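For reference, the structure is listed below as structure tokens.
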Amino acid sequence: METLNYRFEQGQRRLAQPPQVVGVVSSGNLEVLIEEAALNGACEIKISTAAVGFGPIWQAVMQDFQQRWQLADTRISINDMGATPAVVSLRLDQAVQTMLGEAP
Amino acid sequence: MSHAVSYLESNARERLRLLFDAGSFEEFLPPAARVISPHLGQLNAPVAFDDGVAVGRARLNGMPVYTAAQEGGFMGGAVGEVHGAKLVGLLRRAVRDQAKAVVLLVESGGVRLHEANAGLIAVSEVMRALLDTRAAGIPVIVLVGGSNGAFGGMGIVSRCANVVVMSEEGRLAMSGPEVIETANGVEEFDSRDRALVWRTTGGKHRYLMGDCQRIVKDDVAAFRQAAIDAINALTRPSAPSVPLTLEALEQEQAMLAERIARFGALPDPLDVWAAQGMAQPQRVPMLEIEPFIAAAQTVRMGA
């Protein structure tokens with residue numbers, strides 16, 4: 001297992017909603033827990049992954065995500081079991097959309 | 001018009017959302033509480049924020065019920081220490097709060113082997129709590145329709161309930177196919193023979209054998225309606241006893257003895273169905289649910 005932490009400062013979008021979880025911790029999949037948190041305008045992401053050694057790819061996927069949504073005062077916690085970057089991106093978007101009440 | 005949503009293809013939280021009255025599910029110990037397994041981390045294995053089970057209360061056709069849904073995607077729905085404790089706590093709280101019924105959405109391979117004794121103890125505590133719930137006059141309904149089925153300890157837990165509702169795709173047994181093959185050889189049971197696996201452990205055979213009381217098609221709405229019907233049937237004045245009784249146990253024992261006597265020597269469920277009096281037993285797996293129920297009506301056990 002490997003734990004990765006990211007923090008993005010000065011977000012724009014607040015998600016004042018109860019916490020949500022999307023996805024399942026199963027092979028090639030992940031769960032994303034998204035919560036509002038007083039983080040001085042930042043978005044913090046903590047990843048616990050079974051696939052060790054993919055830090056640079058996680059960083060790129062997280063940067064893209066934060067660029068899309070510009071989240072502020074948001075804590076995201078991930079339990080990953082070897083999801084591909086595309087699946088990770090989709091789950092993160094699903095998590096935000098669920099918070100916004102936009103999930104299909 | 002709403003279209004059918006597959007129970008099999010849905011995950012635990014989707015089932016909870018669609019099975020109960022819209023927006024009524026209120027979770028106890030939600031993922032944000034982060035009550036996770038204390039064992040998996042030590043083994044360097046991934047954890048889930050809900051330890052693979054969501055528990056809480058909801059409304060079912062207006063009735064206040066308590067419910068749990070196991071997530072088959074996380075370690076096959078296997079029961080670890082925390083997972084089991086959540087189920088036990090839910091059942092005890094259902095008794096304390098006098099819920100109308102408990103609906104368990106079971107999907108589990110049994111005990112989580114990573115947690116060994118803690119998991120085994122947890123399962124035994126779930127059984128005791130379930131029987132205590134029945135003893136308090138609160139019916140327990142189990143739904144089995146996930147791809148991981150209900151096996152091992154959770155197979156036993158399921159059979160402790162008042163009513164088991166299955167789909168054809170659901171499976172219910174003690175030992176799983178691979179376990180039987182490993183222990184007794186491929187001549188005894190070929191776990192790669194999918195048709196054999198389903199006609200031995202699948203919903204239709206369980207319905208014919210009297211191990212499940214209701215069978216529905218693979219549709220969340222059908223499971224919902226079956227759960228409502230089962231609760232209504234158990235709460236009307238002339239209903240059979242909700243608590244386990246000696247009489248019911250003796251009836252069950254007699255039914256099992258009859259099963260062994262009539263079918264014990266037969267090698268394949270096809271032979272069992274023929275001996276039972278099902279017309280064209282080889283067609284049973286192909287039947288839609290309504291004609292299957294009609295064909296099974298006069299021959300199935302425990303009816």
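A short reminder: the numbers here are calculations on the coordinates, not readings from a lab. Keep in mind it's a predicted model, so treat the numbers as computed, not measured. Note: ideal-geometry Cβ built from the backbone for every residue, glycine included; neighbour counts use all protein chains shown.
Please go through the range B:257-303 and pick out each residue that is assigned to a helix (DSSP H, G or I), exposed (fewer than 14 other Cβ atoms within 10 Å of the Cβ) and not polar (S, T, N, Q).
B:A257, B:E258, B:I260, B:A261, B:R262, B:D271, B:R283, B:M286, B:E290, B:P291, B:A294
Name the residue that is nearest to B:M75 (Cα to Cα), counting only residues in the range A:1-28 that are in a strand (DSSP E or B) and facing another protein chain (nearest Cβ under 9 Å).
Restricting to residues being in a strand (DSSP E or B) and facing another protein chain (nearest Cβ under 9 Å), the top hit is A:G23.
How many residues does the range B:174-191 hold that are of a type outside the set (S, T, Y), surrounded by fewer than 21 Cβ atoms within 10 Å (Cβ to Cβ) and either touching a residue at least 24 places away in the same chain (Cβ under 8 Å) or under 28 Å from B:V220 (Cα atoms) (or both)?
Of the residues in that region, 1 qualify.
With respect to A:E31, is the statement that it is surrounded by 14 or more Cβ atoms within 10 Å (Cβ to Cβ), assigned to a strand (DSSP E or B), within 14 Å of chain B (Cβ to nearest Cβ) and not aliphatic (A, V, I, L, M) true?
It is true that A:E31 is surrounded by 14 or more Cβ atoms within 10 Å (Cβ to Cβ), assigned to a strand (DSSP E or B), within 14 Å of chain B (Cβ to nearest Cβ) and not aliphatic (A, V, I, L, M).
Would you pick out the residues in the range B:2-18 that are outside any loop (DSSP other than H, G, I, E, B) and within 13 Å of chain A (Cβ to nearest Cβ)?
B:A12, B:R13, B:E14, B:R15, B:L16, B:R17
Restricting to the range B:93-126, give me the number of residues that are hydrophobic (A, V, I, L, M, F, W, C), surrounded by fewer than 17 Cβ atoms within 10 Å (Cβ to Cβ) and in contact (Cβ under 8 Å) with a residue 12 or more places away in the chain.
2
Give me the residue from the range A:38-80 that is surrounded by 22 or more Cβ atoms within 10 Å (Cβ to Cβ) and within 14 Å of chain B (Cβ to nearest Cβ) and, out of that set, nearest to B:I36 (Cα to Cα).
A:N79
Within the range A:81-104, restricting attention to residues that are within 14 Å of chain B (Cβ to nearest Cβ) and not in a helix (DSSP H, G or I), which residue is surrounded by the most Cβ atoms within 10 Å (Cβ to Cβ)?
Once the filter is applied, the top-ranked residue is A:A83.
Among the residues of the range B:220-243, what is the count of those that are aliphatic (A, V, I, L, M) and farther than 18 Å from B:G203 by Cα?
Total meeting the criteria: 6.
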